[in-house]
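Asker: Dropping the structure in here first, questions after.
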Amino acid sequence: APCPQWPYCRKRCSYCNFNTYVVPAVDEAAVRSCLVREAQTLLRLSQVHSVSSVFFGGGTPSLASPGTVAAVLEAVAAAAHLPAGAEVTLEANPSSTSTSRLAGFRAAGVNRLSIGVQSLDDAELRMLGREHTAAEARKAVEAARGLFPGRTSIDLLFGLPGQSRDAWAQRLEAALGLCDDHISLYQLTLERGTALAAQVRGGALPEPSQDVLADMYHTARTVLAAASFRHYEVSNFARKGALSTHNLSYWRADQYIGVGPGAHGRFVPRGEGGRSREARVQILEPAAWMREVQSQGHGTRSRVVLSPLEQLEELLTLGLRTDEGVTHERWGHFSPQLSLQAVFGAPGEARALQQQGWLVLDSGGLRCTWAGLAVLDSLLPDLLWQLQRV
């Protein structure tokens with residue numbers, strides 16, 4: 001699953017600490033040729049035969065032209081098999097999603113859209129430093145649903161400074177009236193070095209309490225479940241089978257290839273005789289990344305061979321985020337000698353967590369209960385400790 005990154009934005013949001021750049025002008029032809037070349041190189045290196053999904057993230061990939069998206073998809077299809085039904089997602093901001101632009105992306109091969117709505121309240125959007133208004137967000141989602149029916153996802157943030165339980169419940173109701181069949185909900189994290197964190201630290205904005213945050217999350221799950229959404233991952237909800245193939249492959253610890261500045265990847269470099277899965281990160285800064293791609297074919301900044309234990313730690317950390325959990329089959333793929341039952345069925349932390357109603361270990365595998373999914377971060381240290389001991 002290739003994940004091409006477009007690192008540029010028109011404006012930096014007040015809460016953002018991603019690897020994004022606001023520049024006066026982008027040499028799109030140069031960036032495009034480097035994305036194409038790096039995709040070709042890394043796909044060749046991985047010797048992947050078939051691609052299940054492609055995800056254009058960022059930054060703001062909807063600022064790239066449809067021609068760039070088409071060129072990358074053509075490169076992927078030439079280097080590996082890209083089935084006709086493969087999921088091709090583009091992340092988009094409401095401010096760069098005119099109907100004609102979206103139609104251009106669809107013609108280029110995009111068949112799923114993920115729109116960063118974040119809020120449907122103008123005051124909240126201003127606080128977040130978003131470029132768009134609530135009305136523009138509505139218009140963008142409606143245009144997207146016309147072109148990508150059943151395959152338009154929206155992102156929403158909760159736990160904003162000063163946001164009350166009631167305000168969040170209202171945002172959620174508004175989102176339900178607007179959304180398609182997929183919603184991603186993220187608790188706002190105040191990252192060091194961001195404008196919003198400085199405002200909260202300086203006392204200009206109040207920070208919500210942990211109790212209120214837990215309540216907001218519980219409210220969202222209950223409301224969405226009542227609207228026939230399956231809570232298939234900690235932050236993701238889908239109905240009518242509209243789960244994200246790309247994100248599921250990531251949580252199931254499948255291989256994926258990161259293309260572009262700051263992109264992350266996990267794959268076995270079989271093309272150079274590699275036998276072990278590697279964690280890779282591409283060079284963060286776009287100009288430096290482009291220079292490296294032009295001279296070496298790819299701009300990998302770091303590559304670390306993951307030990308068998310590290311691979312199982314990742315599988316556990318990611319897999320337990322989903323409602324299916326870690327299946328016996330998937331665990332066996334990474335740990336042929338030591339079964340899930342052998343590691344977590346014996347007396348210890350996992351058994352205690354099962355008795356307390358947070359975890360289930362049965363014929364399906366190891367997974368969180370409905371209650372456990374809400375507190376996963378507090379369960380993981382005990383489980384990882386038990387795994388490390390074994």
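Asker: In contact with a helix residue (DSSP H, G or I) (Cβ under 9 Å, 6 or more places away or on another chain), in a loop (DSSP other than H, G, I, E, B) and among the charged types (D, E, K, R) - does that describe any residue in the range 28-45?
Answerer: No: zero hits.
Asker: Of all the residues that make up the range 1-22, how many are open to solvent by 60 Å² or more (accessible area, probe 1.4 Å) and aliphatic (A, V, I, L, M)?
Answerer: 1
Conditions tested, residue by residue: (1) hydrophobic (A, V, I, L, M, F, W, C); (2) surrounded by fewer than 17 Cβ atoms within 10 Å (Cβ to Cβ); (3) touching a residue at least 60 places away in the same chain (Cβ under 8 Å).
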position	(1), (2), (3)
Arg330	no, no, yes
Pro336	no, yes, no
Ala342	yes, yes, no
Ala352	yes, yes, no
Gln355	no, yes, no
Ala371	yes, yes, no
Leu376	yes, yes, yes
Leu380	yes, yes, yes
Arg389	no, yes, no
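Asker: Here is a further query. Hey, could you check the range 46-82 for residues that are among the β-branched types (Val, Ile, Thr), within 19 Å of the chain's Cα centre (by Cα) and closer than 27 Å to Ser276 by Cβ and say which is surrounded by the most Cβ atoms within 10 Å (Cβ to Cβ)? So that I can check it myself, show each step before the final result.
Answerer: At the first step, the residues of the range 46-82 found to be among the β-branched types (Val, Ile, Thr) are 48, 51, 54, 60, 68-69, 72, 76.
Cutting the leftovers down to within 19 Å of the chain's Cα centre (by Cα) gives us 51, 54, 60, 69.
From the residues that got through so far, the ones that are closer than 27 Å to Ser276 by Cβ too are 51, 54.
Working: Val51: 22, Val54: 28.
Among them, the one singled out is Val54.
Asker: Any residue that is open to solvent by 30 Å² or more (accessible area, probe 1.4 Å), part of a helix (DSSP H, G or I), more than 22 Å from Arg280 (Cα to Cα) and not polar (S, T, N, Q) - is there at least one of those in the range 317-324?
Answerer: No; the residues of the range 317-324 include none that is open to solvent by 30 Å² or more (accessible area, probe 1.4 Å), part of a helix (DSSP H, G or I), more than 22 Å from Arg280 (Cα to Cα) and not polar (S, T, N, Q).
Asker: Every residue in the range 33-63 that is on the phi > 0 side of the Ramachandran plot and in contact (Cβ under 8 Å) with a residue 60 or more places away in the chain, please.
Answerer: Matches in the range 33-63: Gln47 only.
Asker: For the range 278-309: of the residues being of a type in the set (Gly, Ala, Ser) and assigned to a loop (DSSP other than H, G, I, E, B), which is nearest to Cys3 (Cα to Cα)? Give the steps one after another, and end with the answer.
Answerer: Taking the range 278-309 and keeping what is of a type in the set (Gly, Ala, Ser), we get 279, 287-288, 295, 297, 299, 302, 307.
From what's left, assigned to a loop (DSSP other than H, G, I, E, B): 297, 299, 307.
Working: Gly297: 17, Gly299: 14, Ser307: 24 Å.
Out of the qualifying residues, it is Gly299.
Asker: It is to be established whether one or more residues within the range 336-357 are under 27 Å from Gln210 (Cβ atoms) and part of a strand (DSSP E or B).
Answerer: Applying the first criterion (under 27 Å from Gln210 (Cβ atoms)) to the range 336-357 yields 349-350, 352-357.
Within this subset, residues satisfying the condition of being part of a strand (DSSP E or B) are none.
For the range 336-357, residues under 27 Å from Gln210 (Cβ atoms) and part of a strand (DSSP E or B): absent.
Asker: So which residues in the range 208-218 are under 17 Å from Leu156 (Cβ atoms) and part of a loop (DSSP other than H, G, I, E, B), if there are any at all?
Answerer: Across the range 208-218, the qualifying residue is only Pro208.
Asker: Moving on. Give the range 66-81 a look and list any residue that's modelled with pLDDT of 95 or more and of a type outside the set (A, V, I, L, M), or say none.
Answerer: Hits for the range 66-81 are Pro66, Gly67, Thr68, Glu74.
Asker: I'd like to know if the range 289-296 contains one or more residues that are closer than 24 Å to Gly58 by Cα, open to solvent by 30 Å² or more (accessible area, probe 1.4 Å), free of Cβ contacts under 8 Å to residues at least 40 places away in the same chain and touching a Gly at 6+ places or on another chain (Cβ under 9 Å).
Answerer: Yes: one or more hits.
Asker: Kindly list, by first and then second residue, each pair from a residue in the range 196-208 that is under 16 Å from Gly129 (Cβ atoms) to a residue that is assigned to a helix (DSSP H, G or I), limited to pairs with Cβ atoms under 6 Å and residues at least 6 apart or on different chains.
Answerer: Leu205/Gln199
Asker: Now for a different question. Quick check on my filter: what residues within the range 219-277 are open to solvent by 60 Å² or more (accessible area, probe 1.4 Å) and not in a helix (DSSP H, G or I)?
Answerer: The answer is Ser228, Arg230, Lys240, Gly241, Arg252, Gln255, His264, Arg275.
The values are calculated or read from the model by the stated rules, or taken from the named source; none is laboratory data. Source: prediction; values computed, not measured. Note that we place each Cβ from the backbone using ideal geometry, even for glycine, and neighbour counts take in every protein chain shown. Just the protein is used for accessible areas: all its heavy atoms, side chains included, with ligands, DNA and RNA removed. Shrake-Rupley method; radii C 1.70, N 1.55, O 1.52, S 1.80 Å.
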